[in-house]
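> Starting off with a structure, shown below.
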Amino acid sequence: QKEIPEKSKAIKVTNLPVETTDENLRLFFENERRSGGGDVDDVTYDSHNASAVVIFVEDNVVETILARSPLQFLKADIGVEIYKPVDSCKVQVDSRKDLNQEHCLSKDISSCVVEVRGVKTSTQQMALQYYFEGKHGADEDIKHIDFDEEKNIYLLTFESESAVDKIVGKTHTIDNTLLEVRKYVPPDRYPNKVLVKDIKSTVTKEGLINYLEGRTKFDVEDVNFSESDPSTAVVTFCEEV
């Protein structure tokens with residue numbers, strides 16, 4: 001553990017949940033929006049006593065954090081106190097800027113989504129949230145997180161496109177792992193194409209066209225049967241369906 005400066009830049013954190021790690025604790029206290037904290041110089045986590053000492057780069061951070069207490073970390077209420085008492089302590093009020101941001105409309109929500117790959121399986125989702133909501137990320141709250149376990153891909157949805165612009169193009173590392181971060185590009189959607197499955201082997205291309213035109217009242221432009229699965233075909237209509 002590092003030596004504590006004369007004017008304390010350190011806090012003692014108690015009642016930490018069992019899921020706590022040095023990394024997610026550091027990310028939490030570097031996330032000003034969540035904790036009121038700032039740059040962390042060192043973290044010493046004592047799992048036996050469910051406590052930690054966090055040392056910051058700036059000495060005014062401790063006062064700001066105390067002003068924001070009580071805090072919630074990993075959905076648990078935690079205790080925060082000055083690690084080494086100081087003679088005087090003026091509470092610094094956290095001032096928030098009024099952000100004039102253009103919010104994403106639901107019809108174009110994909111423009112507010114970041115795709116994150118390469119996250120360790122041991123990395124907790126909350127650590128990911130703390131990081132990308134903090135100053136190293138967008139400095140903006142995440143609305144929703146989706147996770148594709150099979151592909152190990154996270155989709156982070158923010159309130160505005162500007163949040164995405166802040167994140168992409170920068171290097172991001174969590175748990176000593178370099179992440180691949182980019183704007184989310186939704187799969188192509190063709191409004192005049194449909195996938196038809198479970199087609200019987202006796203059905204011909206002409207028969208399928210006649211059936212679909214009769215049921216949908218839309219003209220069919222073409223039908224392409226899958227070479228690997230003849231019971232599946234992509235049907236292209238002359239207009240959106």
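Each value in this text was obtained by applying a stated rule to the coordinates, not by laboratory testing. Remember, predicted model here, so these are calculated numbers, not experimental data. We place every Cβ from the backbone using ideal geometry, glycine too, and count neighbours over all the protein chains shown.
> With +1 assigned to the C-beta of every Lys and Arg and -1 to the C-beta of every Asp and Glu, and no other charges, what is the dipole magnitude of the stretch 200-241 about the Cα centre in debye, to the nearest 20?
280 debye
> List the longest stretch of the chain that has no exposed loop site; here a site is one of the GluC sites (Glu not before Pro) assigned by DSSP to anything other than H, G, I, E or B, with at most 12 other Cβ within 10 Å.
Result for the longest clean stretch: 151-226.
> Moving to a separate point now. Would you calculate a helix-derived [θ] at 222 nm for the chain, using -39,500 (n - 2.57) for each DSSP H run of n ≥ 4 and dividing by the full residue count, to the nearest 500?
-5500 deg cm²/dmol
> To continue, here is another question. Choose one of L156, T204, H172: the residue whose Cα lies farthest towards the positive end of the charge dipole of the stretch 133-206 (beta-carbon charges +1 Lys, Arg; -1 Asp, Glu; about the Cα centre).
Looking along the dipole axis, the top candidate is T204.
> Over the Cα atoms of the stretch 106-183, Rg to Rh with Kirkwood Rh, two decimal places?
Ratio of gyration radius to Kirkwood radius: 0.92.
> Which order results if S201, S111 are arranged by neighbouring Cβ count within 10 Å, fewest first?
Lowest to highest Cβ neighbour count: S201, S111.
> What translational D, rounded to a whole number of µm²/s, comes out for the stretch 193-237 from Stokes-Einstein when the hydrodynamic radius is the Kirkwood one over Cα pairs, at 20 °C and 1.002 mPa s?
D = 205 µm²/s.
> Run the dipole for the stretch 106-183 about the Cα centre, Lys and Arg Cβ at +1, Asp and Glu Cβ at -1, nothing else charged, and hand back the magnitude in debye, nearest 20.
220 debye
> Please state, as a whole number in µm²/s, the translational diffusion coefficient that the Stokes-Einstein equation yields for the stretch 10-82 at 37 °C and 0.692 mPa s, with Rh defined as the Kirkwood radius across alpha carbon pairs.
Here the translational diffusion coefficient equals 280 µm²/s.
> What is the log10 of I(q)/I(0) for the chain, computed with the Debye formula using one identical point scatterer on each Cα and no solvent, at q = 0.12, 0.16, 0.17 Å⁻¹?
-0.78, -1.13, -1.21
> Taking the Cα centre of the chain as origin, sum charge times position over the Cβ atoms of Lys and Arg (+1) and Asp and Glu (-1), and report the length of that vector in debye to the nearest 20. Don't skip to the answer; put the middle values down first.
Values: 30 positive and 46 negative charges, 51 e Å.
Computed charge dipole of the chain: roughly 240 debye.
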